[in-house]
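Participant: Please see the structure below; I have some questions.
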Amino acid sequence: MARPIDATQLPGPKALEPQADTRDPLRGFLYIGVATFFWGFSATLGRAAFAGRLLPSLEIRGINPVILSQCRTGFSFLALALWLIAQRGITVLRVPRRDLAKLALLGLAGLAVSNYFYYLAIQRTNVATAIIVQYTAPVWVLLYMVARGAERLTASKVGTVLIAITGIALVIGVFHRGGIQLDVVGVGAALVASFSFAYYNVAGHYLLERYDRWMLILYATLAASLFWMIINPPNKIVAAHYSGGAWLFLAVFSFLSMLLPFTFYFAGLKLLVPTKAIIASCLEPVFAILIAAIALKEAVGLVQAIGIAMVLGAIVLAQKSTSDPRPITGPVD
């Protein structure tokens, strides 16, 4: 077991994980697969709540995407902070200022911006347009890693990314009539969400070399929570007069959509290069479609089935590809 951490030393506490884990990419894909399952499940849960299909007795009404995003980060931060303070003490949770800025940026430019602009894209276009533009993120991650010299550009990597994106397009019905709705603001917002999604994969991978996943989630959710407090101040939340059942739903939703999946996602990101990790994340819309088909009785057509097979095939190809010899060893530019 690793030696105890001296609270006076510079970096924050590292995860006490066996070194062999860093050479176990299959486990990394499994962790990210579990994370995407919970994201897909929470997407269906949110849709059911918006449509009034979820336990009417809880009086879940007036919950919109903004309050959903705000509470999932706020509740996650509070729960994790209390647990870490009880386990480690508050002194060990302190980080140097130079790293505090990077951790805060991960929460702002990664989590908060991704959520905010994704929902703005849905508002100005539709879900299909927002998803397909956001999931161009594997392209940006691959280009960044190649430009930085951390990965080599190969035909198999380009093909794997294109297969994954095409599969998602088929799953969400982009090629159906009305599948894509072009709006300058909406598409621009989805593109910003895509860059944000790509950023927290690359930045998170680097930061996991210095801090364990709990520290990343703690400070990222803190920064995102402060962001949402500016967008939607507490007095507006109080004025909404949500029921006790609504608060219970928001607490459970925050655990299922933020704290639990990000715990698994960052565990997987530690074991994989960012390109492979973000390709594996393409399972999220697949799980959302499949869970909605089961829970909300929404049909899955042949084209969607082909898209699901393509996404799964891309993940298998990514898992089988050889790792690049030059991992990220410096800060993200």
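The values are calculated or read from the model by the stated rules, or taken from the named source; none is laboratory data. Everything numeric here is computed off the predicted structure, so don't read it as measured data. All Cβ positions, even for glycine, are placed from backbone atoms using ideal geometry, and neighbour counts span all protein chains on display. With ligands, DNA and RNA removed, areas are computed over all heavy atoms of the protein, side chains included. Shrake-Rupley method; radii C 1.70, N 1.55, O 1.52, S 1.80 Å.
Participant: Sort out which residues of the range 251-302 are in contact (Cβ under 8 Å) with a residue 60 or more places away in the chain and of a type in the set (Asp, Glu), and write them in order of number.
Facilitator: GLU284
Participant: While we're here: Just to check your reading of the model, which residue among LEU302, LEU290 is out of contact with any helix residue (DSSP H, G or I) (no Cβ under 8 Å at 6 or more places or on another chain) and open to solvent by 50 Å² or more (accessible area, probe 1.4 Å)?
Facilitator: Numbers: LEU290 fails: out of contact with any helix residue (DSSP H, G or I) (no Cβ under 8 Å at 6 or more places or on another chain).
After ruling out the rest, the residue left standing is LEU302.
Participant: Among VAL202, VAL184, which is the only one that is closer than 20 Å to GLU284 by Cα and either open to solvent by 10 Å² or more (accessible area, probe 1.4 Å) or among the β-branched types (Val, Ile, Thr) (or both)? Before the answer, list the steps.
Facilitator: Details: VAL184 fails: closer than 20 Å to GLU284 by Cα.
VAL202 is the lone residue from the list that is closer than 20 Å to GLU284 by Cα and either open to solvent by 10 Å² or more (accessible area, probe 1.4 Å) or among the β-branched types (Val, Ile, Thr) (or both).
Participant: Something else about it: Please state which one of LEU259, LEU269, LEU216 is of a type outside the set (S, T, N, Q), surrounded by fewer than 23 Cβ atoms within 10 Å (Cβ to Cβ), out of contact with any strand residue (DSSP E or B) (no Cβ under 7 Å at 6 or more places or on another chain) and in a helix (DSSP H, G or I).
Facilitator: LEU259
Participant: Looking at LEU162, LEU170, which is the one that is open to solvent by 10 Å² or more (accessible area, probe 1.4 Å), without any contact (Cβ under 8 Å) to a residue 12 or more places away in the chain and of a type outside the set (D, E, K, R)?
Facilitator: LEU162
Participant: Return the residues of the range 115-151 that are in a loop (DSSP other than H, G, I, E, B), surrounded by 19 or more Cβ atoms within 10 Å (Cβ to Cβ) and small (Gly, Ala, Ser); say none if nothing qualifies.
Facilitator: Within the range 115-151, ALA150 is the sole residue that qualifies.
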